[in-house]
Amino acid sequence: TGYNHPTNWRIIGLKTAGKLFKALSDETRLRILKMLEARPLCVCEIQHVLKGSQPNVSHHLKTLYEAGLVDSKRDGLWIAYRLADKPATTLHAAALALIRKSLKDDERVRKDRLAVKVVNRLEIALRK
């Protein structure tokens, strides 16, 4: 698929589990995961929906990436992020499955999902 992810996650240990649970313990990162269910997004699109700073969004994406929950892929000028399609362990797969089934009735998550449907990286880039 061309999406990058570290390959040293085969053995689940305390450190790996800790990174995973740390990544899941933040509301902003949960919002990002729910947005990525809809489609791959670049930092500027996520930033636009969250109304956050680029460094903050990048930090959250790095945490999610290092936890094995998202993959990244160069898409022209942008780096597109998406949910990991091949979770490294059964714990990662279970966490992603739980996220997919959760928070559907949350008002903030619903608003984010609506915003993701119309956010466009080209329009964002042209505004700057």
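The values are calculated or read from the model by the stated rules, or taken from the named source; none is laboratory data. No experiment lies behind these values; they were computed from the predicted model shown. Note: ideal-geometry Cβ built from the backbone for every residue, glycine included; neighbour counts use all protein chains shown. Each accessible area value is taken on the protein alone, full model and side chains, heavy atoms only, with ligands, DNA and RNA left out. Shrake-Rupley method; radii C 1.70, N 1.55, O 1.52, S 1.80 Å.
Suppose R0 equals 25 Å. What FRET efficiency, 1/(1 + (r/R0)^6) with r the Cβ-Cβ distance, do Glu123 and Gln54 give to the nearest 0.05?
It comes out at approximately 0.90.
Just the accessible area for Thr89, please: 1.4 Å probe, Å², rounded to the nearest 10?
20
Applying a 10 Å radius around every beta-carbon, put 22-34, 73-85 in order of their mean neighbour count, most first.
22-34, 73-85
For the pairs Lys22/Lys117; Lys15/Lys73; Lys15/Lys62, note any where the Cα-Cα span goes beyond 19 Å.
Lys22/Lys117; Lys15/Lys73
Once every DSSP H run of n ≥ 4 in the chain is given -39500 (n - 2.57) and the sum is divided by its residues, what mean residue ellipticity at 222 nm do you get, rounded to the nearest 500 deg cm²/dmol? Don't jump to the answer; show the numbers that get you there.
On the way: 7 runs with 75 residues, N = 128.
Helix-only estimate at 222 nm: -17500 deg cm²/dmol.
Against the longest alpha carbon principal axis of the chain, how many degrees, from 0 to 90 and to the nearest 10, is the axis of helix 54-66 turned?
30
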